[in-house]
Amino acid sequence: MTVGGPPSCGVAHSARPPDPHRGRGAVVILIVAMAVASITLLTTQEPSQPSEVQRGSAVLVRPVVPVGGDLQNGRQTLGGALDDVQEAADEGAAGIRLTADVRWLCQTRVCDTEPLAPVVTRAHEIGLRVYLHINSTPGWMDERGRWYPPVRENAVEWAELFAQFVGRFGTQVAGYEVWNEPNNSEFWRPVPDAGAYADLLKAVWIAAKAVNPRVQLIGGVLSNNDLGYMGQLDAGLADRGGNIANRFFYDLLGVHPYAGGPSSGYHPLKPAGSADEQTSNGVKDMTFLGLERLRKQVAADEGIWRDVVVGEFGYDTTPGTWYHVPEPLRAHYLASALKLADRWPWCKAFTVYGYLPDEEDGFAIKGTASETALRDAASGVDD
């Protein structure tokens with residue numbers, strides 16, 4: 001858990017704008033009429049998504065390791081990566097999530113996108129959405145390590161690296177995640193800095209949209225429902241010129257809403273606000289339903305009802321760890337969370353951490369009751 005300051009007062013929590021996902025029948029009629037009149041004012045609230053083949057779950061996303069990436073017993077092969085894509089489709093997933101490790105792929109100022117390319121292409125061919133998680137700092141930019149973030153002039157240069165992935169894949173990727181958990185000191189060293197992350201988001205927005213203005217950028221990518229940090233981030237984005245017109249320099253809200261505490265995980269239906277944790281950044285809501293609370297806060301701060309990408313969610317079966325839930329209870333919890341995410345019209349993706357078989361990782365679900373439960377939930381078997 002990170003420590004920061006109290007919630008920022010730089011952005012007022014005013015009356016929230018109407019949620020565009022409510023009253024969908026009326027919205028459809030209105031959109032048709034507006035299309036006839038060639039009016040496009042709603043696009044700032046309802047960003048279009050790439051078309052996809054309808055399958056079991058509308059939101060379940062499977063992580064896939066790119067070609068050459070690390071596996072427990074070696075490196076990912078082309079055949080293995082393509083098999084993983086097909087397995088995701090066969091199990092009712094709506095998409096896949098790839099990590100673009102900048103420290104690996106951008107060892108010079110020209111990034112190597114080839115380890116990702118065949119996976120993106122195959123997923124697109126069979127109607128799976130692709131989410132690309134772009135993180136880490138290359139060694140030539142900062143030799144201290146991958147999780148020392150690009151700040152000041154490095155933020156602009158890192159944004160140009162990011163734009164190379166956008167130039168290669170464009171809208172074949174449904175969403176590009178900007179960094180990983182910047183509110184977590186493990187991934188934003190030495191300590192989280194919402195203002196510095198606001199600088200990075202703005203730099204990436206400018207660079208990526210210059211290459212392809214239609215791509216969707218995922219900002220926040222928060223560890224837990226961190227209300228305090230998000231308030232500071234929105235204030236920082238506003239200070240840097242963020243507004244409704246430029247969407248505060250990101251399109252979709254990314255969150256890793258892990259639910260639980262130091263020794264146990266919480267049921268996904270545990271009420272929002274029932275497990276708040278006070279940090280020096282402000283309040284973290286440690287429930288899964290806190291995602292609704294976070295989204296409402298963002299709408300109040302920005303005037304935009306955000307669609308949300310859950311980039312990671314899971315429980316650890318190792319006793320005595322954060323988010324610990326033993327099998328088969330974990331299977332029930334994960335299936336319940338997926339069903340809830342599927343019912344939220346504003347939730348666009350739900351990625352379970354993690355699918356890779358790893359006897360030393362309590363989050364791993366391959367070959368467990370959790371894998372079966374998610375497959376059944378995605379296909380509607382247990383409805």
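For the reader, a short list of remarks on this structure follows.
Okay, residues lined up against (1) within 18 Å of Arg189 (Cα to Cα); (2) in contact with a helix residue (DSSP H, G or I) (Cβ under 7 Å, 6 or more places away or on another chain):
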residue	(1), (2)
Leu132	no, yes
Gly139	yes, yes
Trp147	yes, no
Ala155	yes, yes
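- Each residue in the range 268-292 was checked for being without any contact (Cβ under 8 Å) to a residue 60 or more places away in the chain and closer than 19 Å to Arg306 by Cα, and 4 of them qualify.
- Residue selected from the range 181-201 under the condition part of a loop (DSSP other than H, G, I, E, B) and buried (at least 23 other Cβ atoms within 10 Å of the Cβ), by the criterion nearest to the chain's Cα centre (by Cα): Glu181
- Exclusive hit being touching a helix residue (DSSP H, G or I) at 6+ places or on another chain (Cβ under 6 Å), buried (at least 19 other Cβ atoms within 10 Å of the Cβ) and either among the charged types (D, E, K, R) or closer than 18 Å to Leu356 by Cβ (or both), set Val85, Val120: Val85
- Restricted to the range 49-167, the set of strands (runs of 3 or more DSSP E) holding at least 3 residues that are under 19 Å from Ala207 (Cβ atoms) comprises 129-135.
- Failed condition for Ala272, given (1) over 30 Å from Ala331 (Cα atoms); (2) at pLDDT 95 or above; (3) small (Gly, Ala, Ser): (1)
- Matching residues, the range 97-138, being free of Cβ contacts under 8 Å to residues at least 24 places away in the same chain and farther than 15 Å from Val65 by Cβ: Asp112, Glu125
- Answer residue from the range 340-370, given it is among the charged types (D, E, K, R) and surrounded by 18 or more Cβ atoms within 10 Å (Cβ to Cβ) and is nearest to Pro271 (Cα to Cα) among those: Asp342
- Conditions (1) within 21 Å of Val215 (Cα to Cα); (2) at pLDDT below 95; (3) of a type in the set (A, V, I, L, M, F, W, C); (4) in a helix (DSSP H, G or I): number failed by Ile31: (1)
- Any chance Glu91 is acidic (Asp, Glu), under 28 Å from Lys348 (Cα atoms) and surrounded by fewer than 22 Cβ atoms within 10 Å (Cβ to Cβ): yes
- Within the range 354-383, the only residue that satisfies the criterion of being more than 14 Å from Glu87 (Cα to Cα), hydroxyl-bearing (Ser, Thr, Tyr) and assigned to a helix (DSSP H, G or I) is Ser370.
- Of all residues making up the range 202-245, the number that are assigned to a helix (DSSP H, G or I) and not small (Gly, Ala, Ser): 14
- Any chance Tyr323 is in contact with an Asp or Glu (Cβ under 6 Å, 6 or more places away or on another chain) and either buried (at least 23 other Cβ atoms within 10 Å of the Cβ) or at pLDDT 95 or above (or both): yes
The values are calculated or read from the model by the stated rules, or taken from the named source; none is laboratory data. Fair warning: this is a prediction, and the values are worked out from it, not measured in the lab. Counting neighbours? That spans all protein chains shown, and the Cβs are built from the backbone with ideal geometry, glycine included.
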